[in-house]
Amino acid sequence: MERPFANLEELMQTAVQVWSGLGPDDWLEAFHSHPKIGEKKAAAATSTAAAKWSEEEQAGTRDSTHETMRTLAELNREYHEKFGFIFIVCATGKSSEEMLAILRGRLGNDPETELRVAAAEQAKITELRLKKLIESLQA
């Protein structure tokens, strides 16, 4: 690896480079560490910090209506049946209605396109979480 990193920018550049060099099996493995939008528990075991960050990132679902949460759950199932993995979106700053609209739109993708879109969303999440990690270490 390329540690130590001189600064946060170098760390981020390396993260992008590493993620870009991975393939679909690696992306799918990373997706398992995320709970479905609107849920709290991921399929794979995660650290306490990762679970907390995930909950914070999905804050837009906290004040959602029952109908919106029901529709999210229903479309999450449809998405998983179609693509074979959970719906991944960088949820930070998005309302449940925004995430629902994104989910509806992405259901129209073909599997190859959707895997790449999901991987790009995972890259955004990774960037946010690396920044949170560095901030927590500096606190």
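Read-outs throughout are calculated quantities, based only on the coordinates presented, and are distinct from any laboratory measurement. A quick note: this is a predicted structure, and the numbers were derived from the prediction, not measured. Ideal geometry is used to build each Cβ from the backbone, glycine not excepted, and the neighbour counts take in all protein chains shown.
Residue by residue, what Karplus-based ³J(HN,Hα) values in Hz, rounded to whole numbers, does segment 111-127 have, using 6.51, -1.76 and 1.60 with θ = phi - 60° and x for Gly and Pro?
x, 5, 4, 5, 4, 5, 5, 4, 5, 5, 5, 4, 4, 5, 5, 4, 4
Sort 107-120, 81-94 for me by packing, meaning the mean count of neighbouring Cβ atoms within 10 Å per residue, highest on top. The partial results should precede the final answer.
On the way: 107-120: 14.5, 81-94: 17.6.
The most tightly packed comes first, giving 81-94, 107-120.
Along the Cα-to-C-beta direction of Leu22, a point sits 7 Å from the Cα; which residues of segment 116-135 have their amide N less than 18 Å from that point?
116-134
Stokes-Einstein D for segment 65-139 at 20 °C, 1.002 mPa s, Kirkwood Rh over Cα pairs, in µm²/s?
Working: Rh = 13.5 Å.
Value of D from the Cα-based Kirkwood radius: 159 µm²/s.
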